[in-house]
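The values are calculated or read from the model by the stated rules, or taken from the named source; none is laboratory data. In this text, all values refer to a predicted model and were calculated from it rather than measured experimentally. Glycine also receives a Cβ, built like all others from the backbone with ideal geometry; neighbour counts cover every protein chain displayed.
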Amino acid sequence: MTSIALTSVTEKGRGRDWTLYVVYPAAALFVLIFTAYPMIDLLSRAFVVDGHLSLATIGAIVADPFNRTVFWNTLLLGATVAVLGTILATLYAYAIARVAIPGKRVWHFFALLPTISPPILMALGLILLYGRRGLITNELFGIQSSGLYGFKGLVIAQLISYFPFAYLLMLNLFRGLDASLEEAAATMGANGWRVLRTVSLPLLVPGLAGAALLMFSYSFADLGNPLLLGGDFPVMSSQIYQMIIGMYDIPQGAALAVLLLIPAVLMFFAHKMLTSRMSFASVGVKGSSRHREVRHLGVQAAALLFVGSITFIICLQYGTIIAGAVTQLFGVNYALTPKHFIAALTKSRGALLDTLTLGVIASFISVVLGLLIAWIVARTKAPGRSIMDFIANLPLAIPGTVIGLAFGLAFNGPPLILTGTAAIIIAAFAVRSLPYGIRSGVAALNQINRTLDEASTTMGATSGETLWRVLLPLVRPALLAGMVFSFTRSVTTLSAVIFVVSPHWSLVTPTILSQMDRGDVGEAAALSVIVVLMVLLIIHGVPRLLGRDWREAH
Amino acid sequence: MKMETARAKALSIKGLNKSYRIGRGRRLPVVTDFNLSLAPGEFVTLLGPSGCGKTTVLRTLAGLEEFEEGEILLDSRSIARLPPHHRRIGLVFQNYALFPHMSVFDNVAYSLRIRRVAEAQIGTEVKTALTAVGLEDYGPRLPGQLSGGQQQRVAVARALVMNPDLLLFDEPLSNLDAKLRVQVRSELRRLQQRLGTTALFVTHDQDEAMSLSDRIAVMRAGRIEQIGPPEEIYARPATLFVAQFVGKVNALPAQVTGYEGGAASVDVLGQMLRVQAPAALRDSDVLALIRPEAVVLQQPGSGLAGRVEEVEYLGDQTEYRVRIGSALVTAVRSTLGKSWRIKEGDHLGVAFDEDAVHLLPREGNLPT
């Protein structure tokens, strides 16, 4: 009777199955170089003075009363946007999910429009409407100085930009909530309002908190709106930008970025704890999801009025941008002209093509890498896999400005210089999309019964062959959906790329920003319209191109 | 219809030990000192309740689970250290594990394509395998378009086409409805006999085990409790656990009063019986195991005096719970052709069929 040590059995077994040995180091290397290294580099810039660990830089930052004001401004803005946005999103989601109103597809479409647009468009639209030469403020009311710039303007711009993300989250919650729970309450004699109050809302509490934290973190990460609308209300992201681009004070900028990191990371882990603790909100599990719609006339009218007004505001934004794109000089000369579109398609053609190319490449990388990491996490027992997963997911917690700055600084000097290359932009895009790639990969793999892997193995396939022949074809729809999402995210971000673009490789969002800086509002508007159309085309075109089975799986 | 078959191989599992980690330094044994040998072409069933380790043994053979100690031999070649994809062991899963994105043909062809067999040969081999399970026309279908029974047969064809050294079945019939299960299991048995592949089948269903197997190994808590042909397992169970797992049984405490010529004289509830028994049981407290069908119900006055406490009508049979003194005995009679109807509360006589009584030492076999 031979006795075999446990390790020898497994190692010998895996020794002939090389896939993991190739995939794992490759994925780990990417994550270490492009996620861990820039962040460590940033931290060291903030905490190391003359080769020693020191709190001097951070201390100086915190001691400066102006910086403290900026910090509190950021928190105040985030909290306001979080609370108001969550309320808006919840009402909007409730109206769409539960109230019998006509035109739901239309309301849904317009509510999602901001999720596929660069947030900077909201600032653009607001300035055209309510700015010093705004259509409404100046033309209609003749007001010269406008209260748009500052806290109020920022709240409005961020609400329109980010409430749709919270709306999507709440919509899924309302739809996923087990209808039989509500039916049970109803059979026990509770009326509609009582069911909502005693059953539905308590179950939604984690979701509401999640939506609020989501809004908070988006507000933190926003750079475009604060730069254009901030006025005398500076926030951390715009302050970091000024520090780096305006004053070229890198240690100060890095220290500010680290300071912004603290609340962002806290918020992220609070959210994680919350969702893991309150998983009883049995969302999306079995049970019936056929909800009875509310048919109370008053409620229907109120819901219709509400979604109608929000949609009107959103349409006004986009309509104004379109108007700005086709008029000589919005606010001064309303004569129609194609010159802005022509300018956008000629002068900014490079930015458009670069955005498209780099976005596609990066989304491909993030989705494939995400699947491989998901595979390592969900299907193997490779040591250290959870650490890799953790690091790869960190960008979820880190505001885009901070990642962008960390990238710009870390790869601007040895050992790895990428400044001015396409690689640095692709990497910045990919790193920020990777967590979503992993998440959708894990979700897709968890849908596939493990016995399929085992069947494949017993029939002689290595894990690589199993991945290629069995798992990959089955997760392909999820992969494509992930690619579209990742592409949209890359195209619309400003904060993550503003520190890594270069004359060789320019992108659309920084171009819009600089056009607005120069006062070329018409060109900025035209370029904005083109970007939104491009994203819409990809989102709706790709599934159609790929045929029926993709849409079904979606 | 002929399938290429390799010479059937003998399987030998020696001293297999496996445990799961359940926290720091503590391990829960799932398979303990497991020994089992299968002759070439033999069909053996691992039978046991859920959690007894039978599926673990199967998965260990396929290489899907690691183990601490032991040796696995196919003929004289050790496969214990081979990675699963080099073992050539066909495994039919409980949920069939058909690849949903591949046609029936592609599912069956999978192992051949992995081995880079020429497409022309794949065509003939897949056709042969599908014909063997009666699905020769279903090649282009997707698994989702097949019934449960058909999916199950595709899974079998997929395992057969590998021309495996050993066929493993992990409760492959448990997802079929009762009628289909009976039909598929006899098909399975015929197929295995024709191909002559050595097969190990895991189930918790004693009917399945009885009807399919050359031998049954009854497992309990990671060990084999008894191994033998179905008749032996049923008629002469080694332990009360085995007796109860393969069917209903009356376990009556009894006294051996004499021993002569390989047979013991036993007093069971007052009836004296002569029962074949090993000499070790001489002069000891025993349990008399009597199957319900060996309990004979008679008109009052003959045999032991009993009173019917419960009647359970089961269609083809009727079951009776009869009180004899302090003991409650279960009897069963065919429902048809009986002029004498027995009702609750009836007094009647009870006798035990001497030839169908089996004795176990009372020690270690607590009656339940």
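Where in the range B:253-368 are the strands (runs of 3 or more DSSP E), entirely inside, with at least 1 residues that are more than 23 Å from residue B:235 (Cα to Cα)?
Of the strands (runs of 3 or more DSSP E) lying wholly inside the range B:253-368, those with at least 1 residues that are more than 23 Å from residue B:235 (Cα to Cα) span B:295-298, B:304-313, B:317-324, B:347-352.
Quick check on my filter: what residues within the range B:44-69 are closer than 14 Å to residue B:223 by Cα and within 14 Å of chain A (Cβ to nearest Cβ)?
B:55, B:56, B:58
Regarding the range B:28-43, can at least one residue be identified that is of a type in the set (A, V, I, L, M) and modelled with pLDDT under 90?
The answer is yes, given that some residue of the range B:28-43 is of a type in the set (A, V, I, L, M) and modelled with pLDDT under 90.
Quick one: which of B:254, B:238, B:217, B:277 is over 26 Å from residue B:334 (Cα atoms), within 13 Å of the chain's Cα centre (by Cα) and buried (at least 16 other Cβ atoms within 10 Å of the Cβ)?
Result: B:217 is the single residue among B:254, B:238, B:217, B:277 that is over 26 Å from residue B:334 (Cα atoms), within 13 Å of the chain's Cα centre (by Cα) and buried (at least 16 other Cβ atoms within 10 Å of the Cβ).
Only one of A:480, A:445 is in contact with a Lys or Arg (Cβ under 8 Å, 6 or more places away or on another chain) and in contact (Cβ under 8 Å) with a residue 60 or more places away in the chain; which?
A:445
Run down B:280, B:288 and say which single residue is modelled with pLDDT under 85 and either touching a helix residue (DSSP H, G or I) at 6+ places or on another chain (Cβ under 9 Å) or of a type in the set (A, V, I, L, M) (or both).
Step by step, each of B:280, B:288 is checked, and only B:280 is modelled with pLDDT under 85 and either touching a helix residue (DSSP H, G or I) at 6+ places or on another chain (Cβ under 9 Å) or of a type in the set (A, V, I, L, M) (or both).
Going through the range A:441-465 one residue at a time, which ones are hydroxyl-bearing (Ser, Thr, Tyr) and either under 11 Å from residue A:375 (Cα atoms) or in a loop (DSSP other than H, G, I, E, B) (or both)?
Scanning the range A:441-465 gives A:462, A:463.
Might you let me know whether the range A:500-519 holds any residue that is of a type in the set (Asp, Glu), surrounded by fewer than 24 Cβ atoms within 10 Å (Cβ to Cβ) and within 14 Å of another protein chain (Cβ to nearest Cβ)?
No; the residues of the range A:500-519 include none that is of a type in the set (Asp, Glu), surrounded by fewer than 24 Cβ atoms within 10 Å (Cβ to Cβ) and within 14 Å of another protein chain (Cβ to nearest Cβ).
Of the residues A:471, A:494, A:418, only one is within 14 Å of chain B (Cβ to nearest Cβ) and either more than 23 Å from the chain's Cα centre (by Cα) or within 26 Å of residue A:248 (Cβ to Cβ) (or both); which?
None of the other options fit; the residue is A:471.
Just to be sure, is residue B:39 within 17 Å of residue B:198 (Cα to Cα), touching a residue at least 60 places away in the same chain (Cβ under 8 Å) and either in contact with a Pro (Cβ under 9 Å, 6 or more places away or on another chain) or among the basic types (Lys, Arg) (or both)?
no
Which residues, taken from the range A:317-333, are in contact with a Leu (Cβ under 9 Å, 6 or more places away or on another chain) and either farther than 28 Å from residue A:542 by Cα or assigned by TED's automatic domain parsing to the domain that holds residue A:482 (or both)?
The answer is A:320, A:323, A:324, A:326, A:327, A:328, A:330, A:331.
Would you confirm whether any residue within the range B:104-116 is within 13 Å of another protein chain (Cβ to nearest Cβ) and assigned to a strand (DSSP E or B)?
No, the conditions are met nowhere in the range B:104-116.
Answer yes or no: is there a residue in the range A:125-137 that is aromatic (Phe, Trp, Tyr), surrounded by fewer than 18 Cβ atoms within 10 Å (Cβ to Cβ) and modelled with pLDDT under 85.
Checking the range A:125-137: not a single residue is aromatic (Phe, Trp, Tyr), surrounded by fewer than 18 Cβ atoms within 10 Å (Cβ to Cβ) and modelled with pLDDT under 85.
Please identify the pairs in which a residue from the range A:386-412 that is in a helix (DSSP H, G or I) has its Cβ atom under 8 Å from the Cβ atom of a residue that is among the acidic types (Asp, Glu), counting only partners at least 6 apart or on another chain.
These pairs meet every condition: A:406/A:41; A:409/A:41; A:410/A:41.
Quick one: in the range B:72-102, which of the residues that are crowded, with 18+ Cβ neighbours inside 10 Å and in contact with a Lys or Arg (Cβ under 7 Å, 6 or more places away or on another chain) is farthest from the other protein chains (Cβ to nearest Cβ)?
B:74
Would a scan of the range A:526-549 turn up a residue that is in contact with a Leu (Cβ under 7 Å, 6 or more places away or on another chain) and buried (at least 24 other Cβ atoms within 10 Å of the Cβ)?
Within the range A:526-549, one or more residues are in contact with a Leu (Cβ under 7 Å, 6 or more places away or on another chain) and buried (at least 24 other Cβ atoms within 10 Å of the Cβ).
More than 26 Å from residue A:212 (Cα to Cα) and in contact with an Asp or Glu (Cβ under 9 Å, 6 or more places away or on another chain): is that true of residue A:19 in this structure?
It is true that residue A:19 is more than 26 Å from residue A:212 (Cα to Cα) and in contact with an Asp or Glu (Cβ under 9 Å, 6 or more places away or on another chain).
Please state which of the following conditions residue A:466 fails to meet, knowing it meets all the rest: (1) more than 7 Å from chain B (Cβ to nearest Cβ); (2) touching a residue at least 60 places away in the same chain (Cβ under 8 Å); (3) surrounded by 20 or more Cβ atoms within 10 Å (Cβ to Cβ).
(2)
Restricting to the range B:117-144, name every residue that is within 22 Å of residue A:471 (Cα to Cα) and more than 14 Å from chain A (Cβ to nearest Cβ).
B:139, B:140, B:141 - these are the residues of the range B:117-144 that are within 22 Å of residue A:471 (Cα to Cα) and more than 14 Å from chain A (Cβ to nearest Cβ).
Quick one: residue B:362 ticks every box in (1) under 15 Å from residue B:270 (Cα atoms); (2) in contact (Cβ under 8 Å) with a residue 40 or more places away in the chain; (3) basic (Lys, Arg) except a single one, so which number is it?
Condition (1) is where residue B:362 drops out.
So in the range A:315-347, with the set limited to residues that are under 13 Å from residue A:134 (Cβ atoms) and part of a loop (DSSP other than H, G, I, E, B), which one is modelled with the highest pLDDT?
Result: A:330.
Taking the range B:334-357, which residues are surrounded by 11 or more Cβ atoms within 10 Å (Cβ to Cβ) and more than 18 Å from residue B:302 (Cα to Cα)?
Matches in the range B:334-357: B:335, B:338, B:344, B:355, B:356, B:357.
Answer yes or no: is there a residue in the range A:34-56 that is in contact with a strand residue (DSSP E or B) (Cβ under 7 Å, 6 or more places away or on another chain), at pLDDT below 90 and assigned to a helix (DSSP H, G or I).
Looking through the range A:34-56, at least one residue is in contact with a strand residue (DSSP E or B) (Cβ under 7 Å, 6 or more places away or on another chain), at pLDDT below 90 and assigned to a helix (DSSP H, G or I).
Table: residues versus (1) within 12 Å of another protein chain (Cβ to nearest Cβ); (2) surrounded by fewer than 19 Cβ atoms within 10 Å (Cβ to Cβ).
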| position | (1), (2) |
| --- | --- |
| B:147 | no, yes |
| B:151 | no, no |
| B:154 | yes, no |
| B:164 | yes, no |
| B:170 | yes, no |
| B:177 | no, yes |
| B:182 | no, yes |
| B:187 | no, yes |
| B:190 | no, yes |
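In this structure, is residue B:270 without any contact (Cβ under 8 Å) to a residue 12 or more places away in the chain and surrounded by fewer than 20 Cβ atoms within 10 Å (Cβ to Cβ)?
Answer is no for this residue.
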